[in-house]
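Visitor: I have a structure I would like to understand better, so I am pasting it below and will then ask my questions one at a time.
The values are calculated or read from the model by the stated rules, or taken from the named source; none is laboratory data. Worth saying up front: this structure is predicted, and the values here are computed from it rather than measured. Here the Cβ positions follow ideal geometry from the backbone for every residue, glycine too, while neighbour counts run over all protein chains shown. Areas reflect the complete protein model, heavy atoms only, side chains present, ligands, DNA and RNA absent. Shrake-Rupley method; radii C 1.70, N 1.55, O 1.52, S 1.80 Å.
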Amino acid sequence: MTVPTVALPTTASSAGDDAAEGILLRQRARESSARTYARSFPIVPARATGMTVEGADGRRYLDCLSGAGTLALGHNHPVVLEAVRRTLDSGAPLHVLDLATPEKDDFTDALFATLPSAFADRARIHFCGPAGTDAVEAALKLMQTATGRRGVAAFTGAYHGMTAGALGATGSVAAKERVAVGSAEVTRLPYPYSYRCPFGVGGERGAELAATYTQRLLDDPSGGVVRPAAMILEAVQGEGGAVPAPDSWLREMRRITSEREIPLIVDEVQTGVGRTGAFWAVGHSGIVPDAMVMSKAIGGSLPLAVIVYDEAYDGWQPGAHTGTFRGNTLAMATGAATLRYVAREGLAERAAVVGARMTARLEGLRAEVPMVGDVRGRGLMIGVEIVDPEAGEDSCGARPAAPDRAERVRAACLDRGLIVELGGRFGSTVRLLPPLVITDEQAEAVLDRLADALNEVAAGRRA
Ligand code: PMP
């Protein structure tokens, strides 16, 4: 593997500065007020390679957002570029609906080779519209069709997407309160979030209580819950603030759903392709789900989304989940190349090692900077929860979230040439999602800049 050098923020050129400023002004004037990342990161990416993004003004940034966890190999990796060039040169049709192509056949081979064998042996794949949310819709419809039931069991803190069914399963109240969400009834269950434990106890005990509550609610004839068509969960919640569920809790969810014939859908849109230190996050607990939802990194930078599920559920009708953009030849080529590269280079294992090292150093920082309330994560999916250090602690030792401080930390990071996004409750968790190819040197640079930004905000030097 070639080792890219760490890029430091450079001074902007004034011509580039003017051009970038013009683009940003026009964006603000013409684009929707619902734009998101563009608000937090007023930069104009012009070039990118590996972990480094260069703005039109010449400034450089280390990118710990990675397209919201999409870029397993960072930006414009040689393996991805080679797949694009090869496919273009081959004359393959770039758009083919869901017709059979050599590229699709090869992508399916590459993907199935990465699956746990107990799952792969009985797997069917459905190519969906290109976003994660569309694959979530497909998984929910598949299980509703198979079981003849309607409802969905989903978790506090969950994020599954912005279309009706997926939004229904999502936890965020702000994203739902002003719009009509999906028609399926959603039973909201407690996710084991140790720092802000729904039962106020935290740790393994909190996770045990969460599992007990789920089991008893599903079994209670007066609990108000009609047996759902599926349970959907993330093994590590991403947008929810990099919250990993204990493996024991995941095994409990598998047991509870199996015993009650409730299909279990694991949403691996963000956790997949090595991100958590296993190729698929289900690999840590060893559970075999009934369906997996996949998108983001499986397309190797380009849009691609699929569901993979046990053939026993494959009873839906032709056209049951159709869509025009389900045959993106380039994405299948870049996706297959990425999946194979991650497997061949042992990048999941690498994510586990670097992630553990980064988390350990952040733990040290927590001891020094009181506004760092919690450090958590798995592999290269890391969360640093920012709290109000002057407020009192609750029964789990947690202090109230401090979204204003978290925003200041994000801005202070950007000033230092580091892109980090926020998530979690009240948007108070700084999330680190660097590419799996991050070097040791880059990991140190990320932590140096983050520590510096945290110290600036903690010292009140940033308004
Ligand atoms: N599920 C999970 C776990 C996600 O993290 C996301 C996106 N952040 C989605 C689904 C939705 O994917 P998309 O934004 O591509 O619709």
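Visitor: Report, by residue number, each residue of the stretch 279-305 that is within 16 Å of the ligand (Cβ to nearest atom), touching a helix residue (DSSP H, G or I) at 6+ places or on another chain (Cβ under 6 Å), of a type in the set (A, V, I, L, M, F, W, C) and open to solvent by less than 50 Å² (accessible area, probe 1.4 Å).
Guide: Ala291, Val293, Ile298, Leu304, Ala305, listed by residue number.
Visitor: Further question: Which residues, counting only those in the stretch 165-203, are among the hydrophobic types (A, V, I, L, M, F, W, C) and modelled with pLDDT under 95?
Guide: Val173, Ala174, Ala175, Val179, Ala180, Val181, Ala184
Visitor: Is one or more of the residues making up the stretch 258-272 under 24 Å from Thr108 (Cα atoms), more than 12 Å from the ligand (Cβ to nearest atom) and assigned by TED's automatic domain parsing to the domain that holds Ala169?
Guide: yes
Visitor: Further, regarding this structure: Of everything in the stretch 377-392, what is crowded, with 22+ Cβ neighbours inside 10 Å and either in contact with a Phe, Trp or Tyr (Cβ under 7 Å, 6 or more places away or on another chain) or acidic (Asp, Glu) (or both)? Give them in sequence order.
Guide: Of everything in the stretch 377-392, just one residue is crowded, with 22+ Cβ neighbours inside 10 Å and either in contact with a Phe, Trp or Tyr (Cβ under 7 Å, 6 or more places away or on another chain) or acidic (Asp, Glu) (or both), namely Glu385.
Visitor: I'm trying to understand the selection: among the residues of the stretch 306-318, which are of a type in the set (A, V, I, L, M) and buried (at least 18 other Cβ atoms within 10 Å of the Cβ)?
Guide: Val306, Ile307, Val308
Visitor: Looking only at the stretch 402-430, which residues are part of a helix (DSSP H, G or I) and open to solvent by less than 10 Å² (accessible area, probe 1.4 Å)?
Guide: Once the filter is applied, which keeps residues that are part of a helix (DSSP H, G or I) and open to solvent by less than 10 Å² (accessible area, probe 1.4 Å), the stretch 402-430 yields Ala406, Val409, Ala412, Cys413.
Visitor: Please indicate, with yes or no, whether at least one residue in the stretch 442-457 is of a type in the set (S, T, N, Q) and within 27 Å of Thr170 (Cβ to Cβ).
Guide: No, the stretch 442-457 contains no residue that is of a type in the set (S, T, N, Q) and within 27 Å of Thr170 (Cβ to Cβ).
Visitor: Now a separate question. Does the stretch 223-232 include one or more residues that are within 16 Å of the ligand (Cβ to nearest atom), crowded, with 23+ Cβ neighbours inside 10 Å and in a loop (DSSP other than H, G, I, E, B)?
Guide: no
Visitor: Quick one: would you say Arg149 is away from the ligand (no atom under 12 Å from the Cβ) and touching a helix residue (DSSP H, G or I) at 6+ places or on another chain (Cβ under 9 Å)?
Guide: Here the answer is yes, as Arg149 does meet what is asked.
Visitor: Additional query: Being over 22 Å from Thr276 (Cβ atoms), hydrophobic (A, V, I, L, M, F, W, C) and either open to solvent by 10 Å² or more (accessible area, probe 1.4 Å) or assigned by TED's automatic domain parsing to the domain that holds Asp388 (or both): is that true of Ala453 here?
Guide: Considered against the rule, which asks whether it is over 22 Å from Thr276 (Cβ atoms), hydrophobic (A, V, I, L, M, F, W, C) and either open to solvent by 10 Å² or more (accessible area, probe 1.4 Å) or assigned by TED's automatic domain parsing to the domain that holds Asp388 (or both), Ala453 comes out as yes.
Visitor: Are any of the residues in the stretch 440-457 at pLDDT 95 or above, β-branched (Val, Ile, Thr) and touching a helix residue (DSSP H, G or I) at 6+ places or on another chain (Cβ under 7 Å)?
Guide: yes
Visitor: Let me ask something additional. (1) away from the ligand (no atom under 12 Å from the Cβ); (2) out of contact with any Gly (no Cβ under 6 Å at 6 or more places or on another chain); (3) open to solvent by 30 Å² or more (accessible area, probe 1.4 Å): which one isn't true of Leu142, the others all being true?
Guide: If we test Leu142 against (1) away from the ligand (no atom under 12 Å from the Cβ); (2) out of contact with any Gly (no Cβ under 6 Å at 6 or more places or on another chain); (3) open to solvent by 30 Å² or more (accessible area, probe 1.4 Å), just (3) comes out false.
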